[in-house]
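Scroll down for the structure; my scribbles are underneath it.
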Amino acid sequence: MTIAHAHPNIALVKYWGKQEKAGNLPATPNLSITLAGLTTVTQVEDGTTDHFVLNGETSQDPKLQGWLNTLRDTFDVPPLHIDTGNDFPTSAGLASSASGFAALITAINAHCELGLNQEMCSDWARKGSASAARSILGGFVALVPPQWQAVRLASQEQWPLEVVVAVTSNEAKSVSSGEGMERSRLTSPYYKAWLRDAATDFAAGSQAINDKDFQGLAAVAELNCLKMHSLMLTSQPTLSYWTPASVACMDRVRALREEGEDVFFTVDAGPQIKAVCLPGSADTVAAALAETPGVIDIIRSPLGHGARVVT
Ligand code: DP6
């Protein structure tokens, strides 16, 4: 039996749209931070047939089964009993598929002695869910062509930012990221502009991380996030992942910044707001978001490590 841990990551320059070829390749370079405060624990052991348990309940997951079958085209992997649990809401815009596939390939690699190095683990994680490629590493992580395997831009020790997550709903989303981004690619009139701006946003985000320029990172990350949500809103049928409380939290973050706090927001395909802060502002930001109407929980997180085997 092998147990691996992995953390979700949140993108500061987003991936929303795939290339039209095999391998689950993003259309644009993207970068993220890995969150230590949320954890997926995945246990793998030999079974008689494949059996998946998610958060204590047997689950049928065609995406996971398809990925496992593809892995078996290359490696000798026996039937597996896979038991995975998240200490945070699943499929609700908190990147549970990212930490899920990162923990899973890490556990299978060790359990079945596949001999994959970190780059290859990232490659296999990406085939399951592209954002999962980034959760193989900790700190600040980029996913860029031509390999599309995660590369580290900086460690969590080099720039110890903090994240305050304002949870506004615990419900699983009705349209998955994969389905949503395909809808945007095919129908949003802004998709071409998204592709056009991607390299510039990625370069600006990487430079800000390299320079530890918080205001610079705030500017590019907030605008990039809102560009992605503009794609979602202008898809047909429209995609709207926000609750009224999500909008209230974004307004609150902007107001806190006006008051001098070092904070910016980002939002993924879900209603939760992630407020990224310099450590000196995290307490004030957490208190302010906690009292914003509609916020049901606050999760605080430092940046953390990549996926790893624990037993
Ligand atoms: C909004 O990685 O979940 O979180 O590759 O289809 O599994 P698939 O999509 P996924 O999409 C992540 C979308 C995002 C932005 C990001 O993490 O870059």
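Side notes on the structure shown:
- Ranked list, fewest to most other Cβ atoms within 10 Å of each Cβ, for His305, His229: His305, His229
- Put in order of Cβ neighbour count within 10 Å, fewest first, the listed residues Ser174, Ser59, Ser96 become Ser174, Ser59, Ser96.
- With R₀ set to 25 Å, the beta-carbon distance separating Lys192 from Glu259 gives a calculated FRET efficiency near 0.10.
- Filter on Lys18/Lys212; Lys18/Lys192; Lys21/Lys274; Lys63/Lys274; Lys14/Lys127; Lys14/Lys274 - keep pairs with C-alpha separation over 20 Å: Lys18/Lys212; Lys21/Lys274; Lys63/Lys274
- For Leu161, the residues whose modelled amide H falls within less than 5 Å of its own, excluding neighbours fewer than 5 places apart on the same chain, are Leu303.
- Those residues of the stretch 17-34 whose amide nitrogen sits under 17 Å from the label point placed on Gln158, 7 Å along Cα→Cβ: 30-34
- Note on Ala219 and Met120: the model spin-label points, each 7 Å out from Cα along the C-beta direction, lie 4.4 nm apart.
- Net charge in the neighbourhood of Asn24 (other residues with Cβ under 14 Å of its Cβ; Lys, Arg +1, Asp, Glu -1) is +3.
- Put simply, the amide H of His81, placed in the peptide plane, has neighbours under 5 Å in Glu45, Asp46, Gly47, His51, leaving out anything fewer than 5 places away on its chain.
- Phi-based couplings in Hz for the stretch 140-154 (Karplus 6.51, -1.76, 1.60; Gly and Pro marked x): 9, 10, 10, 10, 9, x, x, 7, 6, 10, 4, 10, 8, 8, 6
- Residue exposure sequence - Lys63, Lys274, Lys192 - by fewest surrounding Cβ within 10 Å: Lys192, Lys63, Lys274
- Residues in the stretch 2-8 carry Karplus couplings, in order, of 10, 10, 10, 10, 8, 10, x Hz; the curve used is 6.51 cos²θ - 1.76 cosθ + 1.60 with θ = phi - 60°, and Gly or Pro positions show x.
- Distant-in-sequence amide H partners of Gln156 (H built 1.01 Å from N, under 5 Å): Gly139, Phe140
- Cα pair distances in the stretch 78-150, grouped into 5 Å bins until the bin that holds the longest one, percent each: 3, 17, 26, 25, 18, 8, 3
- Between the stretch 201-248 and the stretch 105-136, the Cα center-to-center distance that results, in Å: 27
- Once Rg and the Kirkwood radius are both taken over the C-alpha atoms of the stretch 2-157, their ratio Rg/Rh works out to 0.94.
- Additional length obtainable on full extension of the chain from Lys21 to Gln207, 0.36 nm per residue less Cα span: 64.0 nm
- Rounded if a/c under 1.5, otherwise prolate or oblate - the chain, Cα gyration tensor axes: prolate
- Prolate/oblate/rounded label for the stretch 162-302 (Cα gyration tensor, a/c 1.5): oblate
- The 3J(HN,Hα) values that the Karplus relation (6.51, -1.76, 1.60; θ = phi - 60°) gives for the stretch 173-185 are, in residue order, 6, 8, 10, 5, 4, x, 5, x, 5, 5, 4, 5, 4 Hz. Gly and Pro appear as x.
- Ellipticity estimate at 222 nm from DSSP helix runs (n ≥ 4, -39,500 (n - 2.57)) divided over the chain, nearest 500: -12500 deg cm²/dmol
Laboratory data are not the source of any read-out in this text; all were calculated from the coordinates shown. Here the structure is a predicted model, which is why all the values come from computation and not from measurement. Methodologically, a virtual Cβ is constructed for each residue, glycine included, from the backbone with ideal geometry; neighbour enumeration extends over all protein chains shown.
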